[in-house]
Amino acid sequence: MTNRSQMPRRADAPVRLHLPAAERERQIIEAAAQFFSDNGFEGQTRELAKTMGITHSAIFRYFPTKDALIERVYEHVFVARWDSAWKALICDRSLPIEARLIQFYSEYTERIFDARWMRIFMFAGLKGHPMTHRYVALIRNQFIKPCCNELRADLALPTIATVAITPREEELFWGLHGAVFYLGIRTFIYEVRTSPNRAEVIRDQVQTFLAGAPRILREAVIAPK
């Protein structure tokens, strides 16, 4: 009688390695990020398990719900790539504001310009997932608001503590952010050819923004009487 341990393994049978818990959890998060990037949040965790060659229950051993897994993917793909030092960079008045914006977008696009990041963000927005609102709030609080204050300082206008940010000036910075972000959308979502010189594109967008923004800010920001 043949011992089961001596029977040859089927060629298509998944190889289940006994990994440390932390490594298995990391592996699931990485695989889930790619899976949701490919399939959107409608993708089923049962299919994810199949692609990984593990049991469905193995996923729920680490993540009790699909939402819990998506939350960890958000932290891994989005939050972990945000550098808390960027706010300090924007507020560093030893550098011209043009240099600060160019450096920020150079570093920021280096972190987020990949297909997985872009596709998950698009799927989340279409699904109405709260992660998009949280990420937009992160951009607003850590980048847009400090930028408004710094450009005001550059133009000798009242601080945002004195005069609240106006919708008009906030939209100016969202316009700049959207212009740079759209380069990633065209590259990784539309998959069309874009300029290979990203540094040049960023510099052009920032310089174009700064050529027009001061006039609008002087109109939009009215000091209290």
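The values are calculated or read from the model by the stated rules, or taken from the named source; none is laboratory data. All values derive from a computational prediction rather than experimental measurement. As a convention, Cβ positions derive from the backbone with ideal geometry for all residues, glycine included, and neighbour counts pool all protein chains shown.
Hey, THR51 hits all of (1) touching a residue at least 12 places away in the same chain (Cβ under 8 Å); (2) within 18 Å of the chain's Cα centre (by Cα) but one; which does it fall short on? Here THR51 meets the rest and fails (2). Within segment 128-147, the set of residues being more than 20 Å from ILE165 (Cα to Cα) and touching a helix residue (DSSP H, G or I) at 6+ places or on another chain (Cβ under 7 Å) comprises MET131, THR132. Does any residue of segment 203-216 turn out to be touching a Pro at 6+ places or on another chain (Cβ under 7 Å) and in contact (Cβ under 8 Å) with a residue 60 or more places away in the chain? No. Among the residues making up segment 187-213, those that are surrounded by 14 or more Cβ atoms within 10 Å (Cβ to Cβ) and not in a loop (DSSP other than H, G, I, E, B) are THR187, PHE188, ARG198, VAL201, ILE202, ARG203, GLN205, VAL206, PHE209, LEU210, ALA213. Residues that are farther than 11 Å from ILE222 by Cα and without any contact (Cβ under 8 Å) to a residue 12 or more places away in the chain within segment 162-172 comprise PRO167, GLU171, listed in sequence order.
When residues in segment 72-130 are screened for being in contact with a Pro (Cβ under 9 Å, 6 or more places away or on another chain) and closer than 19 Å to PHE209 by Cα, 2 of them pass. Evaluation of GLY40 against the conditions (1) free of Cβ contacts under 8 Å to residues at least 24 places away in the same chain; (2) of a type in the set (Gly, Ala, Ser); (3) outside the structural domain of GLU200 (by TED's automatic domain parsing) shows that the sole unmet condition is (1).
Is it true that ARG218 is exposed (fewer than 14 other Cβ atoms within 10 Å of the Cβ), in a helix (DSSP H, G or I) and out of contact with any Lys or Arg (no Cβ under 8 Å at 6 or more places or on another chain)? Yes, satisfied.
Looking only at segment 155-169, residues that are surrounded by 17 or more Cβ atoms within 10 Å (Cβ to Cβ) and in a helix (DSSP H, G or I) come to 1 in all. Here is a list: VAL136, VAL180. Which entry is closer than 30 Å to ALA32 by Cα, assigned to a helix (DSSP H, G or I), touching a residue at least 12 places away in the same chain (Cβ under 8 Å) and under 14 Å from the mean Cα position of the chain (by Cα)? None of the others qualify; the one that does is VAL180. Candidates are the residues of segment 70-129 that are assigned to a helix (DSSP H, G or I) and among the polar types (S, T, N, Q); the one that is surrounded by the fewest Cβ atoms within 10 Å (Cβ to Cβ) is SER106.
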